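Below is one structure, written out as structure tokens; the observations come after it.
Throughout, read-outs are computed from the coordinates displayed, never taken from laboratory work. The shown structure was predicted, so the numbers you read here are calculated from the model rather than taken from an experiment. Don't worry about glycine lacking a Cβ; one is built from the backbone with ideal geometry, like all the others, and counts go over all protein chains shown.
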Amino acid sequence: MNDPIVARSGECRVIAIDGPAAAGKGTLARRLAATLGLPYLDTGLLYRATGRRVLDAGGDPADPFTATEAARALTQTDLGRTDLRGPVADAAAAQVAAIPGVRAALLDFQRSFGPTGAVLDGRDIGTVVFPNAAVKLFVTASLPARAQRRWLELTAKGTPASLDEVTDDMRARDAMDAARTAAPLLQAPDATLIDTTDMGPDEAFSVALAKVREMLA
Ligand code: C5P
């Protein structure tokens with residue numbers, strides 16, 4: 001089998017961006033991809049769409065068999081759904097993401113994304129999906145800062161939620177992502193840490209772009 005990591009070794013132009021929810025990695029990844037002319041994959045969508053398929057079928061997202069079947073059956077249409085955000089989808093995504101069979105089913109798709117380079121964001125891109133990525137960024141922020149951002153997003157969309165609820169949900173999801181045995185949320189030893197607690201999106205982008213330029217020079 002052609003291992004894309006081996007095939008690209010020495011010329012792997014993948015930019016891996018990992019970190020917890022609402023740390024700003026999606027915005028950053030999208031801007032980097034647009035600036036560098038690379039395709040972008042939000043890998044959280046794969047887990048969100050898997051969780052949604054399970055819920056639609058009336059299944060339990062924590063059930064390994066059902067969730068793994070849903071991940072294997074995922075189509076491009078699933079990724080374009082408009083109901084992949086919100087507290088229910090968040091929780092289902094974190095549940096299916098803890099199942100090794102689900103992660104295995106989604107690995108090839110992620111590894112074959114953007115054969116000449118790509119920007120991917122998630123939780124395990126720099127540790128598992130592309131351990132030899134050209135650039136690895138670990139983007140984080142304090143829990144209060146991240147919860148406040150998510151709460152503002154939800155409020156702007158008209159989704160009723162209290163800041164306390166959002167904080168509790170985020171704390172629970174962080175704990176699940178960090179504690180699972182399958183590809184836990186972890187900063188790769190060779191990743192650059194960007195703490196966006198006191199940064200706006202523009203500053204985070206400048207810091208990240210400078211790092212990317214340095215690493216890809
Ligand atoms: O990034 P996002 O918040 O959309 O991810 C939703 C969930 O999917 C996360 O809480 C995490 O459990 C899971 N995920 C993952 N690995 C990734 C991306 C997302 O486990 N690479």
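Could I have the simple spin-label model distance between Leu152 and Thr116, label points 7 Å from Cα toward Cβ, reported in nm to one decimal?
3.8
Could you grab the relative contact order for the chain? Cα pairs under 8 Å, six or more apart, rounded to a whole percent.
32
Suppose every Lys and Arg Cβ carries +1 and every Asp and Glu Cβ carries -1, with no other charges. What dipole size does the range 43-113 come out with about its Cα centre, to the nearest 20 debye?
That gives the range 43-113 a dipole magnitude of about 220 debye.
Taking Lys136 as the anchor, which lysines have their alpha carbon closer than 20 Å to its alpha carbon, excluding any fewer than eight residues away along the same chain?
By straight Cα distance, Lys136 reaches Lys25, Lys211.
I'd like to compare 120-126, 99-105: which one has the highest average count of other Cβ atoms within 10 Å, and what's the full order after that?
The peptides rank, most packed first, as 120-126, 99-105.
At 222 nm, what helix-only mean residue ellipticity would the chain give, in deg cm²/dmol to the nearest 500, using -39500 (n - 2.57) for each DSSP H run of four or more?
-15500 deg cm²/dmol
Whole Å is fine, so just give me how far the alpha carbon centre of the range 140-193 lies from that of the range 80-100.
So the two Cα centres are separated by 13 Å.
Can you give the FRET efficiency for Ala91 and Asp195, using 1/(1 + (r/R0)^6), R0 = 22 Å, r = Cβ-Cβ distance, to the nearest 0.05?
Once the sixth-power term is evaluated, E becomes 0.25.
Run through all the Cα pairs of the chain and give the fraction in each 5 Å bin from 0, expressed as whole percent.
1, 7, 15, 19, 21, 17, 12, 5, 2, 0, 0
Calculated FRET efficiency, Thr27 and Ser142, Cβ-Cβ r, R0 22 Å, to nearest 0.05?
Taking R0 as 22 Å, the efficiency between Thr27 and Ser142 is 0.80.
Tell me the label-point distance for the pair Asp60, Leu209, using the 7 Å Cα-to-Cβ offset, in nm and rounded to one decimal.
Once both label points are built, they end up 4.9 nm from each other.
Rank-order 33-39, 139-145, 211-217 by packing density, defined as the average count of other C-beta atoms within 10 Å over each peptide's residues, highest first.
139-145, 33-39, 211-217
Say the dipole of the chain comes from +1 at the beta carbon of Lys and Arg and -1 at that of Asp and Glu; which of Gly44, Ala210, Val102 then lies farthest toward its positive end?
Farthest along the dipole direction, towards plus: Ala210.
Using only the Cα atoms of the range 43-113, what do you get for the radius of gyration and for Dmax, in Å?
Computed over the Cα atoms of the range 43-113, radius of gyration and Dmax are 10.6, 31 Å.
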